[in-house]
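Input: a single structure, listed below in structure tokens.
The values are calculated or read from the model by the stated rules, or taken from the named source; none is laboratory data. Quick caveat, the model's predicted, so the values are computed rather than measured. Heads up, the Cβs are rebuilt from the backbone with ideal geometry, glycines too, and the neighbour counts pull from every protein chain shown. Accessible surface areas use protein heavy atoms only, side chains included; no ligands, DNA or RNA. Shrake-Rupley method; radii C 1.70, N 1.55, O 1.52, S 1.80 Å.
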Amino acid sequence: VVSTLDKSFDFVYQLNAPVLFTPGAYTNNLSSVLAFYANYMIGMDYDTYGLEEGTKYLLKAQQIVNMAQSSGQAGWSSSGKINNRYWIIENILNAQFKGMRKCSYEYHRLGLDLASEDAKIGVSNVTKALVYLQQVHENKPGSANMKLFFVAKVDEIVNVYSEADNVNKQTIFNLVRRLDPSNIQKYQQILKQR
């Protein structure tokens, strides 16, 4: 569900020292980053089981961001890069990204989970779910969350559509080439598998 490489992550660690995290307080960058990503990943995972079911954990991740902003460490501030921890959590909780969370739920629960019983219905539901990302893209093109989604899903999308009918293949190819043009070569494999 999540695949990321955080390049704004510096920390000091003394060998054999415990890594302690205190909710509601910033202790150090290492424990805060680990706690942030733990809550973010759990929240994103819960979103795949129920519509916005991960909100509790995403709000915990947002609280960690709010506490860490005063640390001066990279990755916690709104003035930083658009793909830092601040923007990742701000965007996913923003109403403009509701389509992304709806996509996550329907993609996994109504698409992939049902595909094992009926591949045609599963693929059709994955297609419907991915269409929700179009509105997110129009609201915030190039957002960190869209990039994170496609980093985690590009190969899976290609595999899902390997056996799909030509209408679904063409529909999804036209969509992903607009939403994730950096992976166009991978998506071209969908059309080659006819």
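Filtering region 7-28 for residues that are under 28 Å from Lys102 (Cα atoms) and either touching a strand residue (DSSP E or B) at 6+ places or on another chain (Cβ under 7 Å) or of a type in the set (A, V, I, L, M, F, W, C) (or both) leaves an empty set. Annotation note: of Asn84, Asn29, the sole residue that is touching a Gly at 6+ places or on another chain (Cβ under 7 Å), polar (S, T, N, Q) and modelled with pLDDT under 95 is Asn84.
Using beta carbons and a limit of 9 Å, which pairs, at least six apart or on different chains, have the first residue in region 96-122 and under 20 Å from Ala164 (Cα atoms) and charged (D, E, K, R) and the second one outside any helix (DSSP H, G or I) and open to solvent by 60 Å² or more (accessible area, probe 1.4 Å)? Partner pairs satisfying both residue conditions: Glu106/Leu51; Arg109/Tyr49; Arg109/Leu51; Lys120/Asp165.
Screening the candidates Glu138, Glu106, Glu117, Glu156 for the property of being in a helix (DSSP H, G or I), among the acidic types (Asp, Glu) and farther than 23 Å from Gly54 by Cβ yields one hit, Glu138.
Taken residue by residue, region 71-78 has at least one member that is open to solvent by 40 Å² or more (accessible area, probe 1.4 Å) and of a type in the set (A, V, I, L, M, F, W, C). Each residue in region 79-93 was checked for being without any contact (Cβ under 8 Å) to a residue 40 or more places away in the chain, open to solvent by less than 80 Å² (accessible area, probe 1.4 Å) and not acidic (Asp, Glu), and 2 pass. Scanning region 27-83 for residues that are assigned to a loop (DSSP other than H, G, I, E, B) and of a type in the set (Lys, Arg) gives a single hit, Lys81.
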